[in-house]
Amino acid sequence: MCLCSTRGTSRLELTMMNNKISVIGLIVLAIVLQATASAQTRQQPITANLCEVVTSPNKYNGKVLSVEGILLRGEHSVLLYSLSCRPKAGFDVRIDAVFPEEWASSPNGKRLHKLLFSHRSTANVKLIGTFESRTGPYGPDVAPFRFTIREISSVKKARDPSAPRERHVAR
């Protein structure tokens, strides 16, 4: 319905104005519906143990996961792994980590970049991303799995596994 004055306006002009308003309304509705649909299609992450993921890769292939692990800068790429999942003959646990664009601009991304590339350290991380296992090998280090990071949730420097643990002696 048009709330404009009808004085001096023909029926044809009123009909055309109402049609324009209807078309604009439909365009706005289509934009809102598309934005809602794309927000709903973004998968919610499944919290998963990284060792379970590489042990049962077909179960997790293509899924958006929330995982905790260690990122290690290699010669050609960055690998994601878990200390609880040791590689053995015939059991390769390497996961090629793929970072999102502009990843180093977020606070956690800056912290991670500094640890991996400035200090050449490993980092304990909590990540959200998509796990892949069917079309590998992945990356320049030919890892059997890939994890495409969507979000870097937390970062802290990893303890050097070769360093002796401190023992607190009760007095």
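Using Cβ counts within 10 Å as a stand-in for footprinting exposure, how do PHE99, PHE145 rank, fewest first?
If I rank by nearby Cβ atoms, fewest first, I get PHE99, PHE145.
Quick check on packing: order 87-93, 62-68 by the mean number of other C-beta atoms within 10 Å, highest mean leading.
Ranking, from highest mean packing down: 62-68, 87-93.
With each label point set 7 Å from Cα along the Cα-Cβ vector, what nm distance links HIS76 and ARG11?
Using points 7 Å along Cα→Cβ, the separation is 7.7 nm.
What does the extension gain come out to for ASN58 and LYS126, with contour length at 0.36 nm per residue minus their alpha carbon separation?
Difference between extended and current length: 22.3 nm.
Can you put ARG146, ARG111, ARG134 in order of Cβ neighbours within 10 angstrom, beginning with the fewest?
ARG134, ARG111, ARG146
Can you put SER118, SER56 in order, fewest other beta carbons within 10 Å first?
The fewest-first ordering by Cβ neighbours comes to SER118, SER56.
Could I have the simple spin-label model distance between ALA89 and SER106, label points 7 Å from Cα toward Cβ, reported in nm to one decimal?
About 4.2 nm separates the two model spin labels.
Each value in this text was obtained by applying a stated rule to the coordinates, not by laboratory testing. Every value quoted in this text rests on a predicted model; they were computed, and no experiment measured them. Cβ coordinates were reconstructed from backbone atoms using ideal geometry, including for glycine residues, and neighbour counts include every protein chain displayed.
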